[in-house]
Amino acid sequence: GAVFVQHPAAVTPFSTEPDGKLCAGLIPSWLKGSVLRMGPGLFKVGGEPLNHLFDGQAMIHKFDLQNGGVTYHRRFIRTDAYVRAVTENRVVITEFGTAAYPDPCRNIFSRFFTYFRGIEVTDNCMVNIYPVGEDFYAVTETNFITKVDPDSLETLEKVDLCKYLSVNGVTAHPHTDPDGTVYNIGNCFGKNMSLAYNIVKIPPAQEGEGEPLEKSQVVVQLPSSERLKPSYVHSFGMTENHFVFVEQPVKINLLKFLSAWSFRGATYMDCFESNQSMGTWFHLASKDPAGYMSSHKFRTSAFNIFHHINAYEDDSFIVVDLCTWKGFDFVYNYLYLANLKQEWEEVKKAALRAPQPEVRRYVLPLDIHKEEPGKNLVSLSYTTATAVLHTDGTVWLEPEVLFSGPRLAFEFPQINYSRCSGKKYSFAYGLGLNHFIPDRIVKLDVQSRESRAWREDGCYPSEPLFVPTPGARDEDDGVLLSIVVKPGAERPAFLLLLDAVELTELARAEVDAVIPVTLHGVYRPA
Ligand SMILES: CCC[C@@H](CCO)COc1cccc([C@H](O)CCN)c1
Ligand SMILES: [Fe+2]
């Protein structure tokens, strides 16, 4: 039956005038569209809990904004993982950190033959939703993506990318050109053991030209620093003329991943391991014509990288802004739900041992022979990041720190994407993780390095989506949209609208429903 949950959200728009008097602030009249976000929605199956933040069964959330009113709808995505779990009342498909339960009805022999059929890769698309041509796909990072109806939230089709591309999966963070071309990167290890990272390109929808996915192609192949252990890749950078791939020391052990590990109750998380000696490598590829730049061997100290903020070319340099976590210990080890649900004192203790977060700027010189070895190659006036050519032909990078706070991460970064992606920019918006707990929205001026935050006691916001004011002159002239949860309040969730210049509240649309965490999403203009 329909799992539509309609909450005519009570809008209590307000803003304080200079004299502090409350007056009817409003949702800007130009703001007409939908906030679409993905996240885990079902955390227990067959009475058993799902262990990891990335295991919950995918739920899509939609806030519709028009004529100053707001409604909220949500729906479980009918993935195989969800349908089979609900039907069989057990975890049937192994998730990121939870192994499938063996079918109690099968005897040891039929289970043994499951061993040889290998694992069933999950299609639990709880990470992001993004447009490809006229369609919207809810995604995780495997080869399965799920076409959904962005209005009715119905599940339309499970798509296997292996039908179109030689990849084992692609990230949940594609880049999109103004003409609608979609780029992404993914591990490729199944096909003819060419162990590498493939950058893929999906052309824009053409009138009457059918499915854009049919015309997708691998445009660049980047080599893996370690043949049987490719790095985990969560996102990548794209400037006007280049792709940037940061190869982190968190590795996928293919012998574990490609064996039928599900038989012994292993999960995806069991297949990761840290390379303690490589540090972190940066790779460059030209965009058009697409080609790997093998002579540019950039190296730096070890860090985890999930989210690129932005990358752009300036003079003969590529500036790369990243959300990093120092060290090679896998940050996802700290994201088991049992950890995140502990008392605050325990949460703080765990975060003390975890990799420390830092927003960093790296500068990659395109001309690595501009100076003799040993001299700093970076000559941009506005950054202290350095790059030094070593006699072995590698270039050692040192970053400039743009934001750093004790166990305070500037994460889930967003920018004015349509205006600034791949170009020199000033502002980034992020979710502040305080010892991994999301407790503030942060605006970072990457030029002045100044930051400001929105917080409210007992409130836990989500990734802030930036929507530019139509016809705006300034980069930060627009609105930030974030789903905020307020456990225990009469209305335990609201859509928060902030003015993106000052981070002042424009309005909030309160909903009398508990909204589980959402990871990523998109604003879809009406
Ligand atoms: C061994 C890791 C395999 C890679 C895919 C390889 O191309 C990641 O696979 C998953 C599987 C399940 C959920 C996820 C989530 O997307 C993570 C957090 N975003 C990722
Ligand atoms: Fe992400």
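Scanning the stretch 116-133 for residues that are farther than 13 Å from residue 158 by Cα, assigned to a loop (DSSP other than H, G, I, E, B) and modelled with pLDDT of 95 or more yields 126, 127. Pairs meeting the criteria (first residue in the stretch 209-231 and in a strand (DSSP E or B), second residue open to solvent by 60 Å² or more (accessible area, probe 1.4 Å) and not small (Gly, Ala, Ser), beta carbons under 7 Å, at least 6 apart or on different chains) are 217/201; 219/201; 220/292; 221/292; 222/292. I need the full set of residues from the stretch 309-335 which are open to solvent by 60 Å² or more (accessible area, probe 1.4 Å) and within 24 Å of the chain's Cα centre (by Cα), in order please. Scanning the stretch 309-335 gives 326, 328, 333.
In the stretch 281-301, the residue that is nearest to residue 368 (Cα to Cα) out of those that are part of a loop (DSSP other than H, G, I, E, B) and either within 16 Å of ligand 2 (Cβ to nearest atom) or hydrophobic (A, V, I, L, M, F, W, C) (or both) is 293. Of the residues 298, 306, the single one that is within 12 Å of ligand 1 (Cβ to nearest atom), within 30 Å of residue 420 (Cα to Cα) and surrounded by 21 or more Cβ atoms within 10 Å (Cβ to Cβ) is 306.
Considering only residues that are of a type in the set (Gly, Ala, Ser) and open to solvent by 10 Å² or more (accessible area, probe 1.4 Å), which ones fall in the stretch 35-52?
Of all residues in the stretch 35-52, those of a type in the set (Gly, Ala, Ser) come to 39, 41, 46-47.
Within the stretch 35-52, 41, 46, 47 meet the criteria.
Suppose we filter the stretch 60-74 for residues that are among the aliphatic types (A, V, I, L, M) and either surrounded by fewer than 24 Cβ atoms within 10 Å (Cβ to Cβ) or at pLDDT below 95 (or both); how many remain?
Initial filter on the stretch 60-74 (among the aliphatic types (A, V, I, L, M)): 60, 65, 70.
Now narrow it down to the ones that are either surrounded by fewer than 24 Cβ atoms within 10 Å (Cβ to Cβ) or at pLDDT below 95 (or both): 65, 70.
Result for the stretch 60-74: 2.
Considering (1) under 13 Å from residue 35 (Cβ atoms); (2) of a type in the set (A, V, I, L, M, F, W, C); (3) open to solvent by 20 Å² or more (accessible area, probe 1.4 Å), the lone condition that residue 479 does not fulfil carries the number (3). Restricting attention to the stretch 76-86, does a residue exist that is under 21 Å from residue 495 (Cβ atoms), crowded, with 17+ Cβ neighbours inside 10 Å and modelled with pLDDT of 95 or more? Among the residues of the stretch 76-86, at least one is under 21 Å from residue 495 (Cβ atoms), crowded, with 17+ Cβ neighbours inside 10 Å and modelled with pLDDT of 95 or more, which makes the answer yes. Checked against the criteria, residue 432 does not count as under 19 Å from residue 364 (Cβ atoms) and of a type in the set (Gly, Ala, Ser). One residue alone among 391, 383 is open to solvent by less than 20 Å² (accessible area, probe 1.4 Å), farther than 23 Å from residue 518 by Cα, out of contact with any Ser or Thr (no Cβ under 9 Å at 6 or more places or on another chain) and hydroxyl-bearing (Ser, Thr, Tyr), and that residue is 383. None of 278, 269 is buried (at least 16 other Cβ atoms within 10 Å of the Cβ) and assigned to a helix (DSSP H, G or I) except 269. Whether a residue is more than 29 Å from residue 137 (Cα to Cα) and either open to solvent by 30 Å² or more (accessible area, probe 1.4 Å) or not charged (D, E, K, R) (or both) was assessed, and residue 428 does not pass this test. Looking only at residues of the stretch 139-183 that are within 17 Å of residue 125 (Cβ to Cβ) and among the polar types (S, T, N, Q), we find that the one that is farthest from ligand 2 (Cβ to nearest atom) is 152. Is one or more of the residues making up the stretch 134-142 part of a strand (DSSP E or B), within 13 Å of ligand 1 (Cβ to nearest atom), in contact with a strand residue (DSSP E or B) (Cβ under 7 Å, 6 or more places away or on another chain) and on the phi < 0 side of the Ramachandran plot? Yes, the stretch 134-142 contains at least one residue that is part of a strand (DSSP E or B), within 13 Å of ligand 1 (Cβ to nearest atom), in contact with a strand residue (DSSP E or B) (Cβ under 7 Å, 6 or more places away or on another chain) and on the phi < 0 side of the Ramachandran plot.
The values are calculated or read from the model by the stated rules, or taken from the named source; none is laboratory data. In this text the structure is predicted, and so the values were computed from the model without any measurement. Virtual Cβ from ideal backbone geometry, glycine too; neighbours counted across all protein chains shown. SASA here: full protein model, heavy atoms, side chains in, ligands and nucleic acids out. Shrake-Rupley method; radii C 1.70, N 1.55, O 1.52, S 1.80 Å.
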